[in-house]
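Colleague: I am attaching a structure below and will ask some questions about it afterwards.
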Amino acid sequence: MAKLSILQFPDPRLRIRARPVTGVTAEIGRLAADMLETMYAAPGIGLAATQVGVDQRLVVLDISEKGNEPRVFVNPEILARAGTETMQEGCLSVPGVFEEVQRAERVRVRSLDGHGRVLEFDAEGLLAVCIQHEIDHLDGKLFVDYLSELKRQRIRKRLEKEQREARGKPPAAARAI
Ligand code: K2U
Ligand code: ZN
């Protein structure tokens, strides 16, 4: 297994609409295993393939208390939504940002599991939030898209500055001299 790099907002690769998985192959299984290792190490409770730069509709998550109940969702889709719920969200691709987001309280989900079997189930609570957050990733949508333009731009500028500094480049203003 391998830990993968997680793309950071505003990387444009986070904006692609991922392609459906055409077969739950051993390669998809290896990718799911690498994504789970990456998610646990972050740490996080969910991860979408687009966050590690892979154009496939694949999600892993583990919302269990002990982090010992990994789940793999291939081509997950939301069949129905009901109610609304607001919860504070974070994102491994938007480090250090936690904001309230309103989403459906309950969702009916259809997916393939890691063995290619069809799943159809109702989700609520943290599972519902996490699945909606991850399927958004597969559609190129980030939780910051639910915030105001002003907030989103402030977050973008801060993260771009941090990324420049992490690469050892001076702040943008200094470069202008
Ligand atoms: O997609 C991701 O970046 C993974 C998120 C999933 C998530 C977002 C919002 C609400 C629930 C799950 C990360 O796990 S964010 C980090 C985190 C860790 C523990 C609990 C909540 C969020
Ligand atoms: Zn996220």
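Colleague: What number goes with the only condition from (1) closer than 27 Å to Val118 by Cβ; (2) over 14 Å from the mean Cα position of the chain (by Cα) that Lys3 does not pass?
Modeller: Condition (1) is where Lys3 drops out.
Colleague: Continuing with this model, one more query. Which of the residues belonging to region 126-162 are of a type in the set (Lys, Arg) and away from ligand 2 (no atom under 15 Å from the Cβ)?
Modeller: Residues satisfying the conditions are Lys151, Arg154, Arg156, Lys157, Arg158, Lys161.
Colleague: Continuing with the same structure: When you check Ser64 against the structure, is it out of contact with any Leu (no Cβ under 9 Å at 6 or more places or on another chain) and assigned to a loop (DSSP other than H, G, I, E, B), yes or no?
Modeller: Taking the combined requirement at face value, the residue satisfies it.
Colleague: From the list Leu112, Leu119, which one is surrounded by fewer than 18 Cβ atoms within 10 Å (Cβ to Cβ) and away from ligand 2 (no atom under 14 Å from the Cβ)?
Modeller: Criteria check complete, one pass: Leu119.
Colleague: Looking at (1) within 16 Å of ligand 1 (Cβ to nearest atom); (2) under 26 Å from Ile6 (Cα atoms), which is the only condition Val107 fails?
Modeller: Unmet condition: (2).
Colleague: Could you grab me the full set of residues in region 49-90 that are closer than 21 Å to Lys3 by Cβ, β-branched (Val, Ile, Thr) and away from ligand 2 (no atom under 16 Å from the Cβ)?
Modeller: Scanning region 49-90 gives a single hit, Val72.
Colleague: For a quick check of your reading of the model, give me the residue pairs whose first member lies in region 31-44 and is touching a residue at least 60 places away in the same chain (Cβ under 8 Å), whose second is more than 15 Å from ligand 2 (Cβ to nearest atom), with beta-carbon atoms closer than 6 Å and at least 6 apart or on different chains.
Modeller: Once the first residue is touching a residue at least 60 places away in the same chain (Cβ under 8 Å) and sits in region 31-44, its partners that are more than 15 Å from ligand 2 (Cβ to nearest atom) give Ala32/Val72; Ala32/Gly114.
Colleague: Somewhere in region 149-161, is a residue in a loop (DSSP other than H, G, I, E, B) and not polar (S, T, N, Q)?
Modeller: no
Throughout, read-outs are computed from the coordinates displayed, never taken from laboratory work. Quick caveat, the model's predicted, so the values are computed rather than measured. As a convention, Cβ positions derive from the backbone with ideal geometry for all residues, glycine included, and neighbour counts pool all protein chains shown.
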